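Visitor: Provided herewith is a single structure, encoded as structure tokens, for subsequent inquiry.
The values are calculated or read from the model by the stated rules, or taken from the named source; none is laboratory data. Predicted, not measured: the structure shown is a model, and the values here were computed from it. Don't worry about glycine lacking a Cβ; one is built from the backbone with ideal geometry, like all the others, and counts go over all protein chains shown. Note: areas computed on protein heavy atoms with side chains; ligands, DNA, RNA excluded. Shrake-Rupley method; radii C 1.70, N 1.55, O 1.52, S 1.80 Å.
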Amino acid sequence: KGDIKIVSIYVENICICTEMFSNDLVALITPNRKIVKELAKSLNKSQLSHPERCQDEEIITIVHASIKETGQRAGLKSKEIPTRINLCSEEWTPNNNLLTAAFKLKRKNVYQYYEKEIRQMFNSMTNK
């Protein structure tokens with residue numbers, strides 16, 4: 001079916017992940033550093049480093065809500081919107097082999113690099 005394009009002010013890059021035995025989607029997201037830093041400041045969390053912002057539950061919740069809202073406005077069905085997200089503090093670049101030279105996502109490499117995070121997101125849904 002191809003990638004679902006979800007645009008949110010917080011998202012720099014997104015990789016939608018599926019699992020064979022799940023009807024849910026999860027997403028790996030490289031957040032827009034500037035916008036997420038501004039969000040942290042508005043939440044009185046300006047002391048947080050970028051990796052800490054990517055792990056902060058309140059920030060993750062706000063980013064996820066923005067993605068859900070954007071997806072709904074774009075006419076996506078609920079099953080087409082990620083159920084869980086992971087904010088990745090590492091930039092995706094051709095140098096770390098997560099993007100091509102033309103800055104296209106290398107999905108297989110991203111899946112391998114974030115295998116643990118993807119597994120944790122799917123496991124958190126089955127262990128509700």
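Visitor: Identify the residue in the stretch 74-101 that is among the hydrophobic types (A, V, I, L, M, F, W, C) and assigned to a loop (DSSP other than H, G, I, E, B) and, among all such residues, is most open to solvent (accessible area, probe 1.4 Å). Show your work before the answer.
Guide: First, pick out the residues of the stretch 74-101 that are among the hydrophobic types (A, V, I, L, M, F, W, C): 74, 76, 81, 85, 87-88, 92, 98-99, 101.
Filter again for assigned to a loop (DSSP other than H, G, I, E, B), leaving 74, 76, 81, 88, 92, 98, 101.
Values: Ala74: 73, Leu76: 40, Ile81: 10, Cys88: 3, Trp92: 18, Leu98: 2, Ala101: 93 Å².
Here the answer is Ala101.
Visitor: Can you find a residue in the stretch 10-25 that is open to solvent by 70 Å² or more (accessible area, probe 1.4 Å) and assigned to a strand (DSSP E or B)?
Guide: Yes, the stretch 10-25 contains a residue that is open to solvent by 70 Å² or more (accessible area, probe 1.4 Å) and assigned to a strand (DSSP E or B).
Visitor: Here is a further query. Out of the stretch 102-116, which residues are surrounded by 15 or more Cβ atoms within 10 Å (Cβ to Cβ) and in a helix (DSSP H, G or I)? Write out each step before concluding.
Guide: Step one: of the stretch 102-116, the residues surrounded by 15 or more Cβ atoms within 10 Å (Cβ to Cβ) are 105-106, 109-110, 113-114.
Result: Asn109, Val110, Tyr113.
Visitor: Of the numbered conditions (1) over 26 Å from Lys37 (Cβ atoms); (2) open to solvent by 90 Å² or more (accessible area, probe 1.4 Å); (3) of a type outside the set (S, T, N, Q); (4) outside any helix (DSSP H, G or I), Arg119 fails exactly one; give the number of that condition.
Guide: It is condition (4) that Arg119 fails.
Residues checked against (1) aliphatic (A, V, I, L, M); (2) touching a residue at least 24 places away in the same chain (Cβ under 8 Å); (3) on the phi > 0 side of the Ramachandran plot:
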site: Val7; (1), (2), (3): yes, yes, no
site: Val11; (1), (2), (3): yes, yes, no
site: Glu19; (1), (2), (3): no, yes, no
site: Leu28; (1), (2), (3): yes, yes, no
site: Glu52; (1), (2), (3): no, no, no
site: Val63; (1), (2), (3): yes, yes, no
site: Gly71; (1), (2), (3): no, yes, no
site: Leu98; (1), (2), (3): yes, no, no
site: Lys108; (1), (2), (3): no, no, no
